[in-house]
Amino acid sequence: MNRLLLLLFVAFTFDVVRSQVYLTSCARMDAGPILAKAARAACITSCKWQNCGTGYCQNRGGRKTCVCSRCRRK
């Protein structure tokens, strides 16, 4: 059973890498209002883990990127 799960995980990972699927918190920010809110929430959560107050999804260099702000210095 463990080998089957490992094999499925490796196959999924290989498929994602080969197909160049875009997996980031802001990847679906333009796919409608509900997914835009979900992308924003994922971005904020990601920024909180980086000790920042908030975050926004922005297009930078043609890529959808989570930009954190109000970060606390260490």
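So here's what we get for this one:
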quantity: Some residue of segment 37-58 being of a type in the set (Ser, Thr, Tyr), surrounded by 11 or more Cβ atoms within 10 Å (Cβ to Cβ) and part of a strand (DSSP E or B); calculated: yes
quantity: Pair list, Cβ < 8 Å and 6+ apart or interchain, from segment 13-39 residues that are closer than 17 Å to Thr65 by Cβ to residues that are at pLDDT below 75 and among the basic types (Lys, Arg); calculated: Leu35/Arg28; Ala36/Arg28; Ala38/Arg28; Ala39/Arg28
quantity: Candidate set: segment 37-62, residues that are of a type in the set (D, E, K, R) and over 12 Å from Ser25 (Cα atoms); chosen: the one modelled with the lowest pLDDT; calculated: Arg60
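The values are calculated or read from the model by the stated rules, or taken from the named source; none is laboratory data. This is a predicted model, so every value here is computed, not measured. Positions of Cβ are generated from backbone atoms using ideal geometry, with glycine treated the same way; all protein chains shown enter the neighbour counts.
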